[in-house]
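Here the structure is laid out as structure tokens; the discussion comes afterwards.
No value in this document is a laboratory result; all are computed from the given coordinates. Note that the coordinates shown come from a computational prediction; the quantities given were computed from them, not determined experimentally. Cβ placement follows ideal geometry from the backbone for every residue including glycine, while neighbour counts extend to all protein chains displayed.
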Amino acid sequence: MRFKDKVVLIIGGNSGIGRAAAIGFGVEGAHVFLTGRSQGTIDETVAQIPGARGFVGDIGDVQSGGDVLKAIRQAHGRIDILFVNAGIGTFKPIPEVTPEDWDQVHDINLRGCFFAIQKALPLMGRGGAIVVTGSIGALVAVPGNVIYAAAKAGLRAVVRTLAAELVSEGIRVNMVSPGPTDTPIITRTGGVTADQVDGMKDMMAGVVPMKRMGTPEEIARPVLFLASDEASFITGVDLYVDGGCVEL
């Protein structure tokens, strides 16, 4: 019960890693609020977490998210833990990348994440924790991954800077960077067919030293650790949860 009576907001909490984390926070006693773009998957997730509340929101729209913040302010007056997990992916070789492709991914994965944190900060205070989902794609040069990699590398810089600015306010900021993980983002990745998705999963599993992809739950557990008081002396880190991809 590390999170008993803690108020947790998960942006992108309706599927994959976000859903696994939301369930984990709920099991350990948190008041869970989550957002996502699909009302259907929001309802499915909330149904698994007693007392949880879900809100439709698009992190790519900086005007979005006001409803969930208003609800948290009215119900509890604070956010103890913020987990920013929303993101999309796309694979395109450099000659095929368009400004529209670039802007779509960066509006969500970089710009949207920063402004979501900025908007939530007035509800956070000393003892608060922010965790952001990154990617080892920011470090590993994968052909076709230039848009996503650039956005996640930028997000890593944002997390480091936020940690430096907020440390005096008692708010910790950390990142968890998954390696190949079997989540719905793979099937939503633009520019690939269903057969290519299957081939991509096999390829990704093959390059992991553990010879398999991770599960959402295996990424969520380190998220919960960094959000908890067990990590009270940790801020600014980028924790690779990747089956050994970066270090081995």
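Summary value for the stretch 7-239: 21 percent relative contact order, contacts being C-alpha pairs under 8 angstrom separated by 6+ residues.
A viscosity of 1.306 mPa s and a temperature of 10 °C, combined with the Kirkwood radius over Cα pairs in Stokes-Einstein, give a translational diffusion coefficient for the stretch 118-159 of 133 µm²/s. Rg and Dmax, both from the Cα atoms of the stretch 1-72 and both in Å, are 11.2, 34.
Rounded to the nearest 20, the Cβ-based charge dipole of the chain about its Cα centre (Lys and Arg +1, Asp and Glu -1) stands at 620 debye. Compute the helix-to-body angle for 66-75: its Cα long axis versus the longest principal axis of the chain, expressed 0 to 90° and rounded to tens. Computed tilt is about 30 degrees. Given the options K119, K70, K152, state which has the largest fluctuation in a GNM of the chain using a 10 Å cut-off (strictly under) for Cα springs. With Cα springs under 10 Å in the chain, the top fluctuation among K119, K70, K152 is at K70. Can you give the translational diffusion coefficient of the stretch 93-248 in µm²/s, computed by Stokes-Einstein from the Kirkwood radius over Cα pairs at 37 °C and 0.692 mPa s? Answer from the Stokes-Einstein relation: 197 µm²/s.
Stretching the chain fully between D67 and V246 yields a gain of 60.6 nm (0.36 nm per residue, less the alpha carbon separation).
Modelled this way, with points 7 Å down the Cα-to-C-beta line, the labels at R126 and V142 are 4.2 nm from one another. Taking R156, R19, R126 as the candidate residues, the one with maximal mean-square fluctuation in a Gaussian network model of the chain, Cα springs under 10 Å, is R126. Across the stretch 65-146, the mean sequence separation of Cα contacts (distance under 8 Å, 6 or more residues apart), normalised by length, yields a relative contact order of 49 percent. Our Cα-only numbers for the stretch 1-141 put the radius of gyration and Dmax at 15.5, 51 Å. Taking the DSSP beta bridges with both ends in the chain, the antiparallel portion is around 0 percent.
For the chain, the mean residue ellipticity at 222 nm estimated from helices alone is -12000 deg cm²/dmol, where every DSSP H run of n ≥ 4 contributes -39500 (n - 2.57) and the total is divided by all residues, rounded to the nearest 500.
Excluding same-chain neighbours fewer than eight residues apart, the aspartates and glutamates reachable from K152 by a Cα-Cα span under 19 Å are D58, D61, E100, D101, D103, D107, D182, D238, D242, E247. Using the Cβ of K70 as centre and a radius below 13 Å, the other residues enclosed give a net charge of +2, where K and R count +1 and D and E count -1. Using Cα springs under 10 Å in a Gaussian network model of the chain, which residue among P222, P178, P143 shows the largest mean-square fluctuation? Residue with maximal mean-square fluctuation among P222, P178, P143: P143. Taking label points 7 Å from Cα along the Cα-to-Cβ direction, I234 and R78 give a separation of 2.3 nm. Measuring between their Cα centroids, the stretch 22-67 and the stretch 214-233 lie 18 Å from each other.
Helix 216-227 and the longest principal axis of the C-alpha atoms of the chain enclose an angle of approximately 40°. Residues of the stretch 225-247 with backbone nitrogen within less than 19 Å of a virtual label 7 Å along the Cα-to-Cβ line of R212, please, listed as ranges. Only 241-246 fall inside the zone, counting backbone N under 19 Å. For the stretch 2-20 versus the stretch 72-146, the inter-centroid distance based on Cα atoms is 15 Å. Inter-label distance, F225 to D198: 3.5 nm, where each label sits 7 Å from its Cα along the C-beta direction.
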